[in-house]
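Below: one structure, written as structure tokens.
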Amino acid sequence: MPLPDPSDMPQDPQLRALLRRWARKLVDSDMAADRVVRRTINVICDSPDLLDGAQMNEALFALLRRYAFDENDLASSRQTTGAIAGVGRVWTSHKEDIDPE
């Protein structure tokens with residue numbers, strides 16, 4: 001599938017659908033996939049020269065994959081932060097059982 005002119009990318013529903021299918025395979029939610037697609041399209045619109053050459057689809061997929069990995073890292077760090085905060089709540093709620101004052 002040939003890619004559209006960069007100025008047409010934000011409105012191209014076929015490109016957006018293709019990117020969303022790719023992104024959905026790499027992230028856990030539709031919202032995350034939408035963010036990955038939006039970031040990918042924004043970067044391509046700002047730097048269309050990234051798609052120069054014979055390997056446009058591969059370059060586009062590599063960019064999308066990078067943002068999907070960023071999204072997964074962000075989700076993972078949020079879960080870790082939530083788990084650490086939960087441990088702190090458990091510790092303080094049971095402190096009176098351990099620390100006789």
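The values are calculated or read from the model by the stated rules, or taken from the named source; none is laboratory data. Just so it is clear, the structure is predicted and the values come from calculations on it, not from any experiment. Ligands, DNA and RNA are stripped out before the accessible areas are found, and what is left, the full protein with its side chains, is counted by its heavy atoms. Shrake-Rupley method; radii C 1.70, N 1.55, O 1.52, S 1.80 Å.
Ignoring any ligand, DNA or RNA, what whole percent of the accessible area of the stretch 10-63 comes from carbon and sulfur when the probe is 1.4 angstrom?
The computed percentage sits at 52.
If you count only protein heavy atoms and use a 1.4 Å probe, how large is the accessible surface of residue 58, to the nearest 10 Å²?
Roughly 100 Å² of residue 58 is accessible to a 1.4 Å probe.
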